[in-house]
Amino acid sequence: MGEQVLNDDQVGVQIAQQARDLAVQAQEPVAQVATAAGQQEAAALVPWGDYVSPLSAKIEAIRKLQAHTTEHVRRAAPKIYSHELVELIFELPYCRIQNLTQRDIAQRQTASVYLKELVRLGVLEEKAVGREKLSSIRSSCAC
């Protein structure tokens with residue numbers, strides 16, 4: 001009684017938030033945490049057959065969220081969409097203009113425009129830390 005039923009998108013957003021929080025705590029990229037966890041889970045699944053662990057479900061939810069985000073950005077902002085851009089925002093807990101320029105996704109001014117557009121679309125949320133602005137995946141997707 002009183003339990004809230006969540007749809008797949010809400011569960012995916014919560015799982016992505018948890019993975020990002022784990023990556024921040026471990027000071028590692030989200031993809032690295034998910035990959036290492038996935039390898040451990042794959043090894044653990046062998047003796048148990050069809051058993052699917054909660055961590056495997058979380059990794060799958062992150063993948064679904066990434067696919068959903070890819071399609072959303074592709075439809076809503078085709079001029080800024082690139083596979084590398086969406087991949088980068090899921091790889092790092094926080095994304096800076098510098099991250100886009102280091103990966104040759106965009107020059108500094110264009111990278112700023114890309115991040116602002118992703119914030120406008122509700123994909124990222126922006127946080128000011130000192131003189132720098134950090135963008136991270138929103139804890140509740142507005143898409």
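Converting phi to 3J(HN,Hα) with the Karplus coefficients 6.51, -1.76 and 1.60 and the offset θ = phi - 60°, region 106-111 yields 6, 6, 3, 5, 5, 4 Hz in sequence order, with x at every glycine or proline. Listed values for region 121-132 are Karplus-derived 3J(HN,Hα) couplings in whole Hz (6.51 cos²θ - 1.76 cosθ + 1.60, θ = phi - 60°), namely 6, x, 7, 10, 10, 9, 10, 8, 10, x, 8, 9, and x replaces Gly and Pro. With the convex hull constructed from alpha-carbon coordinates only, region 55-105 shows a mean projected area of 3.8 nm² over all directions. Value of Rg to Rh for region 74-143, rounded to two decimals, is 0.92; Kirkwood radius and Rg both from alpha-carbon coordinates.
No value in this document is a laboratory result; all are computed from the given coordinates. Remember, it's a predicted structure, so these values are computed and weren't measured experimentally.
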